[in-house]
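The values are calculated or read from the model by the stated rules, or taken from the named source; none is laboratory data. As the structure is a prediction and not an experimental result, all values here were calculated from the model. Glycine gets a Cβ as well: all are built from the backbone with ideal geometry, and neighbour counts include every protein chain shown. Protein only, heavy atoms only, side chains kept; ligands, DNA and RNA dropped before computing areas. Shrake-Rupley method; radii C 1.70, N 1.55, O 1.52, S 1.80 Å.
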Amino acid sequence: MKKTLLALGAFLLLFAFTHEEPVSKLNGAYKMSRLKYPKDKDWVTADDRVSIKVFKDGYWFVGSLKKGNNELNGIAGGTYDLANGKYNERIDFYSWDSSAVGSTIAFDYKLTPNEFQQSGKLNTGKYPDYELKEVRERVVPTEPLKDKGLEGVWKMEEGYWGGQSRFGEGKYKGFSMLKIFAYPYAVYAYYDAANRKFDGGGICRYQFDGKTLTETNELWSWDMTRRGKVEPFKITLTNGKLIQEGWDGKLREVFAKAK
């Protein structure tokens, strides 16, 4: 009996140290409200600049603009899990410092219905032993999502934007394109994790009625003059694929759900 109890205790202890929580626990979009980095003596209240972090089904994305919202601050993303009471963040693209790509950071975290907090240390060539603490408020939509058909994480299979630019060819050879729909935000990035390359990305608020995707740009790293521009796209969902068309026939993108 004593041996049975000891064995049970050892099993429960092992389970406690290896327990993983569902990644969907974090699903949503969060805007920075307070932060504390090494240069800050005390907590700093975030200004009105765009700084959005999105979690969806094991994938994460963060993008921010500098004060004034006219210039890119940075974009990063990858995958995550929740294990042993930690938020474990794997980095696939990181515009601030490419040496961060491929690393995993174990953050302490706290989640409430309205807030997400994380704290931990980044350790890269540009940011050695860099302690960051962030508090973000959940973004609450101002209207209901009309159709949930786009919600989730998608990866591009085909892309055409007019002229000679095609996904998988030229400068996009070997690249991945990730797009996450986490209402009210859609976020995306073009990157090559194997070679630590990052091309660009964006953040927009979105609405979908089952046929038309409407995006309102908040960050488009290639050209910040597009901030605030509202763009409609024709959407076709067929055989597990998402086909997005627009720009007067110049844009056609085909996505499949990320695994």
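Quick rundown of the values:
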quantity: Relative contact order for the chain, counting Cα pairs under 8 Å that sit 6 or more residues apart, in percent; calculated: 15 percent
quantity: Sum of side-chain charges, PRO22 neighbourhood, beta-carbon under 12 Å (Lys, Arg +1; Asp, Glu -1); calculated: -3
quantity: Size of charge dipole - the chain - debye, nearest 20, with Cβ of Lys, Arg +1 and Asp, Glu -1, no other charges; calculated: 320 debye
quantity: Assigned charges on the beta-carbon of Lys, Arg, Asp, Glu; segment 142-259 dipole about Cα centre (debye); calculated: 260 debye
quantity: LYS155/TRP43 FRET efficiency (R0 41 Å; Cβ-Cβ; nearest 0.05); calculated: 0.65
quantity: Stretch gain in nm, segment THR142-ASP81, where the contour uses 0.36 nm per residue and the Cα spacing is subtracted; calculated: 19.0 nm
quantity: Separation of the LEU251 and LYS234 label points, Cα + 7 Å toward Cβ, nm; calculated: 1.5 nm
quantity: Whole-Hz couplings from phi, Karplus 6.51/-1.76/1.60, listed for segment 200-214; x for Gly and Pro; calculated: x, x, x, 9, 8, 7, 9, 9, 9, 10, x, 10, 10, 9, 10
quantity: Per DSSP, loop GluC sites (Glu not before Pro) in segment 163-259 with at most 16 further Cβ within 10 Å; calculated: GLU169
quantity: Answer label for semi-axes √(5λ) of the Cα gyration tensor in Å (calculated), chosen among [x] 29, 20, 19; [y] 33, 23, 19; [z] 68, 20, 16; calculated: [y]
quantity: Carbon + sulfur, % of accessible area of segment 125-259 - ligands and nucleic acids excluded, 1.4 Å; calculated: 46 percent
quantity: Full-extension gain in nm, ASN114 to THR225, via 0.36 nm per residue minus C-alpha separation; calculated: 36.8 nm
quantity: Residue-level accessible surface for ASP57, protein heavy atoms, 1.4 Å, Å²; calculated: 80 Å²
quantity: Subset of LYS148/LYS257; LYS179/LYS229; LYS31/LYS234 violating a 25 Å alpha-carbon distance limit; calculated: LYS31/LYS234
quantity: Exposure rule at most 16 other beta-carbon atoms within 10 Å, DSSP loop chymotrypsin sites (Phe, Trp or Tyr not before Pro): the chain longest free segment; calculated: 97-160
quantity: Neighbour cut-off at most 12 other Cβ (10 Å), DSSP loop, trypsin sites (Lys or Arg not before Pro), segment 81-132; calculated: LYS126
quantity: For segment 131-146, 3J(HN,Hα) per residue [Karplus equation, 6.51 cos²θ - 1.76 cosθ + 1.60, θ = phi - 60°, Hz, x = Gly/Pro]; calculated: 7, 10, 10, 9, 10, 10, 9, 5, 7, 9, x, 8, 8, x, 6, 6
quantity: Neighbourhood net charge (15 Å Cβ-Cβ; Lys/Arg +1, Asp/Glu -1) for THR124; calculated: -1
quantity: Separation of the HIS19 and SER165 label points, Cα + 7 Å toward Cβ, nm; calculated: 4.9 nm
quantity: Nearest-0.05 FRET efficiency for ASN70 and TYR130, computed from C-beta distance (R0 35 Å); calculated: 0.85
quantity: Heavy-atom accessible area per residue - the chain, 1.4 Å, Å²; calculated: 53 Å²
quantity: ³J(HN,Hα), Karplus 6.51/-1.76/1.60, whole Hz, each residue of segment 226-240, x for Gly, Pro; calculated: 7, 4, x, 6, 9, 10, x, 9, 7, 10, 10, 10, 8, 6, x
quantity: Relative contact order (%) - criterion: Cα under 8 Å, at least six apart; region: segment 134-259; calculated: 23 percent
